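The values are calculated or read from the model by the stated rules, or taken from the named source; none is laboratory data. The structure displayed is predicted, hence computed values, not measured ones. A quick note on method: Cβ atoms are made from the backbone with ideal geometry, for glycine too, and the neighbour counts reach across all protein chains shown. In case anyone asks, the SASA skips ligands and DNA or RNA and just uses the protein heavy atoms, side chains included. Shrake-Rupley method; radii C 1.70, N 1.55, O 1.52, S 1.80 Å.
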Amino acid sequence: MRLQNEFMDYLKEKNYSNYTIKSYEKDLNLFCDFLKKEKVDSTQADYNLLRKYMSVLYEQNYSKKTIARHISTLKSFYKYLVKKHFIETNPMLLIKTPKLDKKLPKFLNYDDLEKILSTPDTTTFLGKRDALILEILYSTGIRVSELVSIQIKDINFEDHTILILGKGSKERYVIFGKKALRKLNDYLEARKELKTPYLIVNRYGEAITDRGVRKMVDQVIKKAALSYKISPHTLRHTFATHMLDSGADIQIVRELLGHESLSTTQIYTHVTSESLKRVYDETHPRA
């Protein structure tokens, strides 16, 4: 349990989102319950014991996606234990992740996007804030955890860039356009009396949380009367899809999204391929 708590502290230091940390904690609690029954410590678990744990998860009818998440959690945990010299070898190295069915990311079409972006009532302070949140998420493609960490000093108004602290405490710059700049200036004028260094605040003038942003997006979707549910992450997917649709280089999109691997970004090329096929089928006389 002590090592688990130290691992959680390590994830916080590395700027992982609260959502990710809670998921890791939930997975590790289940794993620790299993270890107690087996009467072993996490540092004593070997490949065979971990295989047994995987079998238990399968027997409890967890989905492939959930099992894949548990494996990812344990791989990160044991990688940490090796890094901190609690163990010499990582027993998770040979555990394979189940192959998942490819699920293309959901993104918004231009009409629905405009409907969402124009929903907040910008005659009020919270409306100005909500309009800015939605604009930044779409204009930059950043994650919610990155948005709530932005401080005013991170914004370069001349270059139209924002310094982002991403996963693993890795820094990168993202770019925003004229529309985002107008909403940013409008919002900053409305909150100029507030002392907090953080850009986005809640109704009490304090730094907003991930949960606060998600709740706000849910409310906007309800007001916009969309027929389907989206999350703040959908705006990130929409940013990437629209960029590639408009001819952006995939390496540039990868850098803006903060992806370590190009293969992570390539999922959006599948989305744009599907979009191209649909347009072809609908418009070409020989389709």
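Each Lys or Arg adds one and each Asp or Glu subtracts one; over the other residues with Cβ under 13 Å from the Cβ of Asn90, this totals +2.
Can you pull the percent of the chain's accessible area that's carbon plus sulfur, 1.4 Å probe, other chains left in place?
On the way: 8600 of 17180 Å².
That share works out to 50 percent.
Of (i) 35, 21, 19; (ii) 42, 23, 15; (iii) 37, 26, 18, which is the value of semi-axes √(5λ) of the Cα gyration tensor in Å derived from the coordinates here? The calculated read-out lines up with (iii).
Here's how it looks for Val148: its modeled amide H is under 5 Å from none belonging to a residue 5 or more places away or on a different chain. Ordering Ala190, Tyr138, Thr43 by the projection of their Cα atoms onto the charge dipole of the chain, which places +1 on the Cβ of Lys and Arg and -1 on the Cβ of Asp and Glu, puts Thr43 at the extreme positive end.
Pairs of Cα atoms under 8 Å, at least six residues apart: use those to get the relative contact order of the chain, whole percent. Let's see the in-between values first.
Values: 288 pairs, mean separation 52.2, N = 287.
This gives 18 percent for the chain.
Helix 267-283 and the longest principal axis of the Cα set of the chain meet at an angle near 50°. Heavy atoms of the protein chains alone define the surface here; on that basis the chain has 60 Å² accessible area per residue at 1.4 Å probe size. Starting from the Cα of Lys96, draw a straight line to each of the aspartates and glutamates and keep only those under 18 Å, dropping any in the same chain fewer than 8 residues away. Result set, ordered by chain and number: Asp27, Asp46, Glu59. Distance between the modelled labels on Val40 and Arg191, one decimal in nanometres: 5.0 nm (7 Å Cα→Cβ projection). Rounded, prolate or oblate: which fits segment 13-91 when a ≥ b ≥ c are the square roots of the eigenvalues of the alpha-carbon gyration tensor, with rounded for a/c under 1.5 and prolate only if a/b beats b/c? Oblate, since a/c reaches 1.5 and b/c is not below a/b. Across segment 73-87, coupling constants 3J(HN,Hα) worked out from phi with the 6.51/-1.76/1.60 Karplus curve, θ = phi - 60°, read 4, 5, 5, 5, 4, 6, 5, 5, 4, 5, 4, 8, 6, 7, 9 Hz, and Gly and Pro carry x. Using C-alpha pairs below 8 Å separated by at least 6 residues, the relative contact order for segment 66-131 is 22 percent. Taking the C-alpha atoms only, the angle from helix 210-224 to the longest principal axis of the chain is near 50 degrees.
Among the listed pairs Lys65/Lys178; Lys12/Lys179; Lys84/Lys195; Lys103/Lys167; Lys195/Lys222; Lys37/Lys65, which have their C-alpha atoms separated by more than 30 angstrom in this model? Checking Cα-Cα distances, Lys65/Lys178; Lys12/Lys179; Lys84/Lys195; Lys195/Lys222 exceed 30 Å. Treating the angle as unsigned and between 0 and 90°, give the value, to the nearest 10°, between the Cα long axis of helix 232-245 and the longest Cα principal axis of the chain. Approximately 70 degrees, to the nearest ten.
Hey, any idea what Rg/Rh is for segment 117-219, computing Rh the Kirkwood way over Cα pairs? Dividing the radius of gyration by the Kirkwood radius yields 0.92.
Can you work out the FRET efficiency for the pair Lys170 and Thr97, with r the C-beta to C-beta distance and R0 = 22 Å, to the nearest 0.05? It would help to have the intermediate numbers written out before the result.
On the way: r = 23 Å, r/R0 = 1.07.
The pair Lys170/Thr97 has a calculated efficiency of 0.40.
Here's the picture: a label point sits 7 Å out from the Cα of Thr161 along the beta-carbon direction, and within segment 175-194 the residues with their amide nitrogen under 15 Å of it are 175-177.
Summing charges over neighbours of Thr20, with a neighbour being any other residue whose Cβ is under 12 Å away from its Cβ, gives +4 when K and R count +1 and D and E count -1. Ignoring aspartates and glutamates fewer than eight residues from Lys229 along the same chain, the ones with Cα atoms less than 19 angstrom from its Cα are Asp111, Asp112, Glu114, Asp130, Glu135, Asp210, Asp218. Could you work out the relative contact order of segment 132-261, using alpha carbon pairs under 8 angstrom and six or more residues apart, expressed as a whole percent? The normalised contact order for segment 132-261 reaches 32 percent.
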